[in-house]
Structure formats: C-alpha cells, structure tokens
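**Student:** Sharing a structure below in structure tokens format, with a few things to ask.
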Amino acid sequence: MTDSAPTTYRFPPQAPSPEAPEQTVILIPSGDLRESANTASWSAQQELERLVTDAVESTGWSVQRGFEPDQERGHGFIRSQRMGIDVFRDIPRDAPLIVATANWQYSHHVLAGLRTHRGPILTVANFAPEWPGLVGLLNLNGSLTKMGREYSTLWTVDGTDGWFRDGIREWLSTGSVTQDASHVRDLPALEDSEEKRLGEALGDQLLTDKAIIGVFDEGCMGMYNAIIDDELLNPIGVYKERLSQSALVAEMSTVSDEEADAVGRWLEDAGMTFRLGEDEATELTPKQLRAQYKMYIAAMRISDDFGLDAVGIQYQQGLKDTCPASDLVEGLLNNEYRPPVTSRDGSRVLWDGQALPNFNEVDEGVAVDALVTNRVWTAMGMDPATTLHDVRWGEEFDGAYVWVYEISGSVPASHLPGGYKGAEGWRQDPVFFPAGGSTINGVSKPGEIVWSRVYIQDGALHADVGRGSVVELPDEETQRRKEATNPEWPVANVVLHGVDRNQFMARHKANHVQIVYGDDADAADRALTAKAALFSRIGVTVHVCGDVRIA
C-alpha cells in the first residue's frame, strides 16, 4: 500500500493545546471519593480559595479556576481520577498551577495531570483543625515526591502572615519556594555500640529470614505514596502477601457470636467502655461491636494462615459499605496485651503475648517502619506498640509548638494512660464511616517518643527519624483541640525536638507519622540508634531530623 492510498481509518481529532494566559495562575482542588465529605467540607475549601486568590492578586497576578463548581452536587472538587484527567485537558500545560487543599483528598484524582504538567506546581493548604487539609496536602506532597515531580508547597492559617504571602510572591517570580531544611542531616557513621550491633544483627536477620506483610487490598484513599513496589521491598527482606478484603468478610462469617462476644467481655473486664446507642445510622451499637470483634478474630486467623509478620486493612473503599470500621481491630492487634484469639481448631493462642504489627490504611511505608520498630523494641525489652497518626494540626501552647497528631481510632491501648481503662469507644462519624464501628478513643500518655517515616524518593527507600515528647496539656486545652478536630478520634499532643512547624511541613513526605514510646529519654535515644542501624543495614537511607542524640 502506498502512502497516498485512501483508507477508512478513523484518526483521533487533534485538539489544540490551550495557551496559558499572561500572569495568570490556574487553581484546582482535589477532592474526596465520598460525596458526603465533599459537600460537608466545601465551605472550608471556598474560604481557602479566597485566601489564595487574595494573596496572588495582591502581586498583580490573576487566579483562574480550572473548572466551574457543580451546582447540583453542591461542591467544586475533582471527585474522581477520570474527572481529573478531563479537567487537565483544558489546563494549559505551561501555566503556573496551584492545588489548593482544605479537606482530605484522593491524590490519584490529580496525579495523572500533574505528572505531565510542565508549568510550576504549588500545593497549598489551610492550617486549620476542622477539616484534614494538612493531611491531604502532605499526602499529595509525598505522592509527588515518589513520582519525581518537582513542586513547591505553602500553608496558612488566615492568609495574612508574611511567610505565606512572601512565599506566594517568590513562587510567582521564580517558580519555587525556598524552605528551611537545616534540621535534617544524613545519618553519620555510627560508633561501635551495643545499639549499633543490635540493629545490624536484626537487619541481617531480616535480610536472611525475610518477612511477609499482609496487604488487604492496596491503594487506600488515593495514597499513591503509601504503595511500595516489590522491587524496593524485596531487597530489604520484605515481601507482600496480597489479600482481598472480601476474604476478610468471608472469614468473619465463620466466627461464631460466642467467640466475638468473648472479645467484648475481655475488653470490658480490662476496663474499656463504649458509648452505646440504638440508632445504627448515627450511634455505636452492640451489633457494630460484634462485627468488629469478628473482624479482629478473622484478621488474626488469616494472618496465621499466611505466616504474616505484619498486617494492614485498607477499609476504604468498599469495606466501609460492607461492615463497621477496622480501627478498633487494628488498635487491638498492635498490643502485646489484648483479647486472646485461638486457631480455628482451638489448639493454639495466636501471637500469645505478642503484638501483631499493624499498618493502618495499608500504608506500606508504615508497614516497613512498624516491622523494624517491633523487632528493635522487643529486643530491647520495651513495648513495641506503634501508632500511625495523621499529621492533623497544631498550635503554640505555653511557649511550645504542640502538634495534634490524630488518627481515626486505631491507637493501641498501651499508648493511653491506664491502658484499656483509659480507652473509650465512640462511633465513627457517618460522614466518613456509614456502617459505624468503634474507635479506641483517648489522649496519649506523656512520655518520650521516637517518630519516623519511610518514604520513596528518587526511586529509593528513605527514612526520616527524630525525637519528640508527648506532653500533657490542661484538660480544657486538650478538649478544645479534640472538639476542633474529630472528638471521637484519639490524639497525641506532641512536641518535636529541634523541628519547628514549617520545617516539619516542608520536609515530611506523607500524611502519616509513626510514633513509639521509649521507657525514658535515654532509652528512646538508644532505641533510635538501633533502629537507624537496622534501616541502614538493610539499605534504607536514613536522615536524622532535629535534636537527636545518637547513642
């Protein structure tokens, strides 16, 4: 056939590329997949967009929204990956682009467009407690970091602070924002010590014997940054067992009411209380609790079936429409002291006296961290229970910057004063959890902690580690902070050592941060050293953040 021969092929139309307007920023918001959350948070998003627009227009530039709000739906969020791809078709690829975030957002809604966008990208969040805008921002930033896409980031309480407005001006003139990273340094060569030798020995054991993390459905809530490919996991001795949440529900159906009720009696005997009601739609009920107890038993038995070393449950999406929330289950798993679960034939108590490391929302960066932490803390004779927290919000109190770290209910009871006696079960908010379920609500006990995050950058695994303190605030201040966020969720009031608010926000590559207690400050320092030695031994690049004493 010659080049000139006619054909009936249907070639796709070549749409002209839109041109970027002069001195104009395009603004888009990424939204939730749950419409209940989008409509509820829309007013907060509108206020953030107003603050951003005012800051940009004060420089002589204009702001143009990438698409119009949907009046019928009652919000203007990008609500799916397909919608995000469609929206980016009309955005000039060279235009300066702001992604404004005042709520939880599913990053994969916009990642396809951001991956191919050629203009400078700025992510912005309001620094406010009511909606998890900061959480959504940090997830998007971690996802862009994993993707290898350059971006800048800013945040503001009310849009008037000089730091925010100067950052807007810098980004508009240069395409980037300078951030202070002076608190970060690479792990130095460790001097010979018992902690170094312990970490290296545990690292060698992990590389030789290997470990399996069980993942009940990957990719929770658009968290692209929380998925670690096998090619990065396997060289550090970690392998995945890919499990289906449908199998979890099926296993739940085999658990008897008597077995489930025994879990409830154990918790009540241990001192845990529950705020119960009768309305399934808005209150916590015995029916919801029984389903959660069955999930706890089912998760343990499936973990035993596959010989897992850690386990995570996605819960969102799909499972939230099938059964109550997994948070109570996951908080129980992470304790050495918890309701006993036997094998199906009743011959063995599973993980008797041991924690089964859990990574909430199947965040695989947390999975690696929890696995490493469990082995180091256990070897050192300390409580290995970890908490995955959202980096929710913070404010100064009595001269110190105190973060509100808050998660949807999976805090292990050992992190609360009095253990289970300090835990109270509240119903999950119907906006996020239509089928309900109990949290493990409480305020984390004061003490010395190690905080950390494992993430992907430049195609390799990295870990940021640092020290902090969970502090005890006056009851009225703690209550104010809880009421300003989600009062049904457990919190930790955290002061980071040698890391200020903006340094942490600019550096952190995830919506989640992991914390674990040391017996005291010296023990926390020594455990951090052993943990860093283990990470380094298996090939994870370690960065030390803030004031840290390497033992």
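**Student:** Please determine whether any residue of segment 360-377 is closer than 14 Å to VAL513 by Cα, in contact (Cβ under 8 Å) with a residue 12 or more places away in the chain and open to solvent by 10 Å² or more (accessible area, probe 1.4 Å).
**Tutor:** Within segment 360-377, one or more residues are closer than 14 Å to VAL513 by Cα, in contact (Cβ under 8 Å) with a residue 12 or more places away in the chain and open to solvent by 10 Å² or more (accessible area, probe 1.4 Å).
**Student:** Further question on the same structure: Filter segment 404-456 down to the residues that are among the charged types (D, E, K, R) and either more than 25 Å from SER143 (Cβ to Cβ) or part of a loop (DSSP other than H, G, I, E, B) (or both) and list them by number.
**Tutor:** The answer is LYS421, GLU424, ARG427, ASP429, LYS445, GLU448.
**Student:** Follow-up. Given the condition in contact with a strand residue (DSSP E or B) (Cβ under 7 Å, 6 or more places away or on another chain) and not in a helix (DSSP H, G or I), answer yes or no: does some residue in segment 474-484 qualify?
**Tutor:** no
**Student:** What number of residues within segment 470-485 are under 26 Å from ILE550 (Cβ atoms) and surrounded by fewer than 19 Cβ atoms within 10 Å (Cβ to Cβ)?
**Tutor:** 1
**Student:** Which count do you get for residues in segment 227-279 that are under 28 Å from the mean Cα position of the chain (by Cα), among the charged types (D, E, K, R) and assigned to a loop (DSSP other than H, G, I, E, B)?
**Tutor:** So the count comes out to 2.
**Student:** Residues VAL263, VAL311: which one is aliphatic (A, V, I, L, M), under 24 Å from TRP377 (Cβ atoms) and either modelled with pLDDT of 95 or more or buried (at least 22 other Cβ atoms within 10 Å of the Cβ) (or both)?
**Tutor:** VAL311
**Student:** Would you confirm whether any residue within segment 412-419 is at pLDDT 95 or above, under 17 Å from the mean Cα position of the chain (by Cα), of a type outside the set (Lys, Arg) and crowded, with 24+ Cβ neighbours inside 10 Å?
**Tutor:** Checked segment 412-419: at least one residue is at pLDDT 95 or above, under 17 Å from the mean Cα position of the chain (by Cα), of a type outside the set (Lys, Arg) and crowded, with 24+ Cβ neighbours inside 10 Å.
**Student:** Also, I was wondering about something else. Residues being farther than 30 Å from ASP32 by Cβ, touching a residue at least 12 places away in the same chain (Cβ under 8 Å) and open to solvent by 30 Å² or more (accessible area, probe 1.4 Å): count how many of those fall in segment 210-239.
**Tutor:** Going through segment 210-239 one residue at a time, the tally reaches 4.
**Student:** Also, quick follow-up: What is the number of the single condition among (1) modelled with pLDDT of 95 or more; (2) not in a loop (DSSP other than H, G, I, E, B) that MET221 does not meet?
**Tutor:** MET221 satisfies every listed condition except (1).
**Student:** Any residue at all in segment 510-528 that's in a loop (DSSP other than H, G, I, E, B), of a type outside the set (Ser, Thr, Tyr) and either free of Cβ contacts under 8 Å to residues at least 12 places away in the same chain or closer than 22 Å to LEU461 by Cα (or both)?
**Tutor:** So far as segment 510-528 goes, yes, one or more of its residues are in a loop (DSSP other than H, G, I, E, B), of a type outside the set (Ser, Thr, Tyr) and either free of Cβ contacts under 8 Å to residues at least 12 places away in the same chain or closer than 22 Å to LEU461 by Cα (or both).
**Student:** If you take the residues of segment 454-477 that are more than 22 Å from the chain's Cα centre (by Cα) and not hydrophobic (A, V, I, L, M, F, W, C), which of them is farthest from LYS531 (Cα to Cα)?
**Tutor:** GLU476
**Student:** Within the group LEU202, LEU187, LEU198, which residue is under 25 Å from the mean Cα position of the chain (by Cα) and in contact (Cβ under 8 Å) with a residue 60 or more places away in the chain?
**Tutor:** LEU187
**Student:** For segment 292-335, enumerate the residues that are under 20 Å from GLU364 (Cα atoms), in contact with a helix residue (DSSP H, G or I) (Cβ under 9 Å, 6 or more places away or on another chain) and in a loop (DSSP other than H, G, I, E, B).
**Tutor:** LEU308, ASP309, GLN314, TYR315, GLN316, GLN317, GLY318, ALA325, SER326, ASN334, ASN335
**Student:** Still on this structure, I have one more. Of the residues that make up segment 465-479, is at least one closer than 30 Å to SER176 by Cβ and in contact with a Phe, Trp or Tyr (Cβ under 6 Å, 6 or more places away or on another chain)?
**Tutor:** The answer is yes, given that some residue of segment 465-479 is closer than 30 Å to SER176 by Cβ and in contact with a Phe, Trp or Tyr (Cβ under 6 Å, 6 or more places away or on another chain).
**Student:** Tell me, which residue of segment 518-537 that is under 24 Å from the mean Cα position of the chain (by Cα) and closer than 13 Å to LEU187 by Cβ is most open to solvent (accessible area, probe 1.4 Å)?
**Tutor:** Only one residue fits best here, namely SER536.
Conditions tested, residue by residue: (1) modelled with pLDDT of 95 or more; (2) among the basic types (Lys, Arg); (3) closer than 28 Å to SER36 by Cβ.
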site	(1), (2), (3)
MET252	yes, no, yes
THR285	yes, no, yes
TYR293	yes, no, yes
SER303	yes, no, no
GLY318	no, no, yes
VAL329	yes, no, yes
PRO339	yes, no, no
THR342	yes, no, no
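**Student:** Filter segment 143-171 down to the residues that are of a type in the set (A, V, I, L, M, F, W, C) and crowded, with 19+ Cβ neighbours inside 10 Å, then identify the one that is nearest to PRO132 (Cα to Cα).
**Tutor:** That would be TRP155.
**Student:** Kindly provide the set of residues from segment 486-511 that are among the aliphatic types (A, V, I, L, M) and either open to solvent by less than 20 Å² (accessible area, probe 1.4 Å) or under 13 Å from TRP451 (Cα atoms) (or both), ordered by number.
**Tutor:** Result: VAL491, ALA492, VAL494, VAL495, LEU496, VAL499, MET505, ALA510.
**Student:** Right, another one. Which one is modelled with the highest pLDDT among residues in segment 31-85 that are surrounded by 18 or more Cβ atoms within 10 Å (Cβ to Cβ) and among the acidic types (Asp, Glu)?
**Tutor:** For segment 31-85, the residue satisfying everything is GLU49.
**Student:** Give just the number: which of (1) open to solvent by less than 30 Å² (accessible area, probe 1.4 Å); (2) touching a helix residue (DSSP H, G or I) at 6+ places or on another chain (Cβ under 6 Å); (3) part of a helix (DSSP H, G or I); (4) not charged (D, E, K, R) does LEU198 not satisfy?
**Tutor:** If we test LEU198 against (1) open to solvent by less than 30 Å² (accessible area, probe 1.4 Å); (2) touching a helix residue (DSSP H, G or I) at 6+ places or on another chain (Cβ under 6 Å); (3) part of a helix (DSSP H, G or I); (4) not charged (D, E, K, R), just (1) comes out false.
**Student:** While we're on this one: Looking at segment 258-285, I want the residues that are without any contact (Cβ under 8 Å) to a residue 24 or more places away in the chain and have a partner that is open to solvent by 60 Å² or more (accessible area, probe 1.4 Å) and in a loop (DSSP other than H, G, I, E, B) with Cβ atoms under 8 Å, at least 6 apart or on another chain. Which pairs are those?
**Tutor:** LEU276/GLU283
The values are calculated or read from the model by the stated rules, or taken from the named source; none is laboratory data. Since the structure is predicted, the reported quantities are computational estimates derived from the model, not experimental observations. Virtual Cβ from ideal backbone geometry, glycine too; neighbours counted across all protein chains shown. These area figures cover heavy atoms from the full protein model, side chains too; ligands, DNA and RNA do not enter into them. Shrake-Rupley method; radii C 1.70, N 1.55, O 1.52, S 1.80 Å.
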